[in-house]
1. Probe 1.4 Å, all protein chains in place: accessible area of Tyr68 in Å², nearest 10?
2. Determine the shape class of region 1-118: with a ≥ b ≥ c the square roots of the Cα gyration tensor eigenvalues, call it rounded for a/c under 1.5, and otherwise prolate if a/b is greater than b/c, oblate otherwise.
3. Mind running the shape call on region 67-114? Use the C-alpha gyration tensor, a ≥ b ≥ c as the square roots of the eigenvalues: rounded below 1.5 for a/c, prolate if a/b tops b/c, oblate otherwise.
4. Kindly report, to the nearest 10 Å², the accessible surface of Cys27 as traced by a 1.4 Å probe over protein heavy atoms only.
5. How do Thr91, Thr48 rank by accessible surface area computed with a 1.4 Å probe, from largest to smallest?
6. Quick one: accessible surface of Phe99, probe radius 1.4 Å, all protein chains present, in square angstrom to the nearest 10.
7. For region 79-85, in order, what is each residue's ³J(HN,Hα) by Karplus, 6.51 cos²θ - 1.76 cosθ + 1.60 with θ = phi - 60°, in whole Hz (x at glycine and Pro)?
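The values are calculated or read from the model by the stated rules, or taken from the named source; none is laboratory data. Note that the structure is predicted; figures quoted are calculated from it, not measured. The accessibility values were calculated without ligands, DNA or RNA, using every heavy atom of the protein model including side chains. Shrake-Rupley method; radii C 1.70, N 1.55, O 1.52, S 1.80 Å.
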Amino acid sequence: LKREKQQVRSSKEQMMFASNLMAAVWCLILCVVTGEMKGAVTLISKHTEILPYLILQGGSMYAGVSFYLAVIQAFGGVVAVSTTSCRKVLTISISFVAFSKPFSWKYLPAGYVTMAGIIASVLVKEKNINTNVMWALLLTS
């Protein structure tokens with residue numbers, strides 16, 4: 001993608017718009033062919049309050065992708081992926097607080113494995129990391 005951007009000399013917003021436009025056209029064709037478009041149009045025409053939410057979701061997704069690309073450009077891919085992984089863990093943690101559910105001891109090892117995976121992915125992507133140090137950190141954390 002970076003090479004194509006340099007050849008065409010377009011901005012990140014133009015590249016994102018072009019790729020999203022192509023994806024939208026393919027999705028539109030698929031929805032028309034499978035018959036899902038008719039159901040969607042019928043639903044939106046009956047429940048017009050859905051449309052502003054769809055527009056809000058599209059705008060939020062655009063803002064999120066723009067922010068993610070800015071993080072990659074400013075700090076690199078490793079930081080962006082690590083940040084995204086931590087955000088997902090935080091979202092899951094907040095869901096446990098917001099939506100109460102019975103606690104199981106199985107959540108603890110699953111959380112540990114998830115955090116160890118995030119830490120391992122960051123450490124492996126570092127160029128000057130000794131794998132013995134990485135395993136020692138993961139096993140003692």
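1. Result for Tyr68: roughly 80 Å² accessible.
2. Note, shape of region 1-118 comes out oblate.
3. oblate
4. Roughly 80 Å² of Cys27 is accessible to a 1.4 Å probe.
5. Thr48, Thr91
6. 140
7. Along region 79-85, the couplings run 5, 5, 5, 5, 4, 5, 5 Hz.
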